[in-house]
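Structure record follows, encoded as structure tokens.
Nothing in this text is a laboratory measurement; each read-out follows from the coordinates by a stated rule. Note that the structure is a prediction, hence the values are computed from the model and not measured. Heads up, the Cβs are rebuilt from the backbone with ideal geometry, glycines too, and the neighbour counts pull from every protein chain shown.
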Amino acid sequence: MTENSLSMILTNNQLLGEKYIDWKRNLLIVLTAEKHKFVLNKPCPSVPTAESTVAQKQARCYILGSISNVLQQKHQNMDTATKIMDSLQEMFEHRERHARKAAIRTIMNMRMKPRTPVRDHMLALIAQFNVAEVLGAEIKSETQVDMALETLPEMFS
């Protein structure tokens with residue numbers, strides 16, 4: 001991915017107070033493409049230091065650059081990407097929790113329709129698992145397999 005296309009993803013999907021879930025998904029895409037996603041999961045110093053990696057600084061800039069001016073003003077004094085994301089998470093967690101529950105409910109209620117190719121059904125199911133994961137659901141791969149098998153007709157037992 002080019003830097004322009006990454007920038008466009010964040011510009012076109014700016015967090016303006018709504019669509020937090022879509023914004024977070026797009027931010028994670030950009031951070032993954034830039035190999036910066038680790039900064040959200042790896043402990044980092046409370047204040048950036050000379051030893052701070054470029055990735056830590058860039059991730060913070062990506063986040064600030066992709067949120068509304070009001071949110072930028074609220075978060076510009078936060079020193080790390082993790083602090084900013086924790087704050088945004090707290091602000092929007094009720095939306096994320098609701099969406100995570102809906103994604104899991106969708107998985108639990110999915111059933112393969114007659115004459116649907118298994119491949120198509122499994123791709124739709126995988127997409128729902130990915131949505132749930134982006135929203136913070138931690139479903140072990142063994143459990144995902146068990147859940148997927150439950151969505152198939154009896155003839156697959």
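Hey, with R₀ at 30 Å, roughly what FRET efficiency would Glu90 and Cys61 work out to, going by the Cβ-Cβ distance, to 0.05? Taking R0 as 30 Å, the efficiency between Glu90 and Cys61 is 0.90. Highest mobility in the GNM of the chain, judged by mean-square fluctuation with C-alpha springs under 10 Å and restricted to Val145, Val131, Val39, is found for Val145.
Measuring r between the beta carbons of Val118 and Lys140 and using R0 = 25 Å, the FRET efficiency lands at 0.65. Counting only DSSP H runs of at least 4 residues, each contributing -39500 (n - 2.57), and dividing by the residue count of the chain, the helix-based mean residue ellipticity at 222 nm comes to -20500 deg cm²/dmol.
Listed values [x] 9, 30, 24, 17, 12, 6, 1; [y] 10, 33, 30, 18, 8, 2, 0; [z] 10, 31, 34, 20, 5, 0 include one computed from this model; for P(r) over Cα pairs in 10 Å bins from 0, in percent that value carries the label [y].
Close amide H partners of Leu15, meaning residues 5 or more places away or on another chain with modelled amide H under 5 Å apart, are Ile67, Ser68.
For the range 84-152, applying the loop criterion from DSSP together with a ceiling of 11 other beta carbons within 10 Å to the GluC sites (Glu not before Pro) yields Glu138.
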